[in-house]
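Reading through the structure tokens given below for one structure.
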Amino acid sequence: MPIALPADLPARPALAADGIKVLSEDELRRRGGRPLRICLVNLMPNKIVTETQLCRLLGATVQPVALTLCVPDSYRSKTTPESHVERFYRPWSRIRHEPFDGLIVTGAPIEHLPFAEVTYWRELCAIIDWAQAGIASSLYICWAAQAALQHFHAVPKHPLPAKLFGVFRQRVAGTDSRFLHGFGAAFPVPVSRHTEVRAADLPARAGLGVLAESPETGLCLIEDRANRALYMFNHLEYDAETLHLEFLRDRRVGKPIDPPANYFPGDDPARPAVNVWRPWANLLFGNWLGEIARSAERDDAALRSPGGGLRDTSWRGNTQLCG
């Protein structure tokens, strides 16, 4: 299905090359039906790369999607040109009163910082609360997953003795989960992080469901039904060459880093890696959007029914900053 993106977004040519049709939101609506409005809070350093990765996965599903790019108001990127952020991203305060169906929050290269020392922490907490109050489902990736778990359940993150880096098979624990339909017993996923969340720290009565994990890399995917959230601690959205580029970057600045495990064919960095995880990335995003679409259909049906009235949207003007 087509995806609606901001005009002239650099991701457009890459998606067109993949056969994904890119339209404006108005064009998408004129085709009939209601696209799912997804808000992407992109905190990754190379925003253009991350935009392309996530747009490719959203655009490959059967659900029409209209994407809005967003950052916290106080957020300042040190690596992406300011002109790109100003042109394509909207401050959260300007969209907080708009209706959205789904939220994605990416990771950020700030794992070494305590959460409270992140300059935009209070705003991020407000965004998380905003989503919990009125968005059908939220997907938090890597550091953002740790941040949301900390905010909702006070779950700590722990530093690792060395960077977890490579492609690791994850065991599917939530075999009956609608988000993992079609996954089978295990799937590979890129891992790139310096911290972890431990299963022993998950509160027993919070209703958190571990959907996937690995003996080598720990927790991978958690469902938080009460808060309508998915926490993905790894990177199914990565392209084939992403770990290679991270490896070269770390080597270039003198960081002690081994080649990513289970990534290069024959563990030879001279041989190009293959994206063996893409089928499961497509499945996860397709299943996630499918659940959001079913929720939207239920809401629309309720509005059309006699006495259905309007949905309660009072939360939109009352989101408070967290402490």
Check on Pro161, out of contact with any Phe, Trp or Tyr (no Cβ under 6 Å at 6 or more places or on another chain), free of Cβ contacts under 8 Å to residues at least 60 places away in the same chain and under 30 Å from Ala273 (Cβ atoms): yes
Suppose we keep only residues that are assigned to a loop (DSSP other than H, G, I, E, B) and under 15 Å from the mean Cα position of the chain (by Cα) within segment 31-45. Which one would you say is surrounded by the fewest Cβ atoms within 10 Å (Cβ to Cβ)? Pro45
Quick check, is Leu211 within 21 Å of the chain's Cα centre (by Cα), more than 13 Å from Phe168 (Cα to Cα) and at pLDDT 95 or above? yes
Output yes when any residue across segment 219-228 is within 14 Å of the chain's Cα centre (by Cα) and either charged (D, E, K, R) or in a helix (DSSP H, G or I) (or both), and no when none is. yes
Of everything in segment 229-259 that's part of a loop (DSSP other than H, G, I, E, B) and either polar (S, T, N, Q) or over 22 Å from the mean Cα position of the chain (by Cα) (or both), which residue is modelled with the highest pLDDT? Asn234
Read through the list (1) in contact with a Pro (Cβ under 9 Å, 6 or more places away or on another chain); (2) more than 20 Å from Arg122 (Cβ to Cβ), then give the number of the only condition that Glu82 fails. (1)
Determine if segment 22-30 includes at least one residue that is under 15 Å from Phe88 (Cβ atoms), of a type in the set (A, V, I, L, M, F, W, C), surrounded by 17 or more Cβ atoms within 10 Å (Cβ to Cβ) and at pLDDT 95 or above. no
For Phe285, indicate whether it is within 30 Å of Cys39 (Cα to Cα) and among the aromatic types (Phe, Trp, Tyr). yes
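The values are calculated or read from the model by the stated rules, or taken from the named source; none is laboratory data. Note that the structure is a prediction, hence the values are computed from the model and not measured. Using ideal geometry, Cβ is built from the backbone for each residue, glycine included, and neighbour counts are taken over all protein chains shown.
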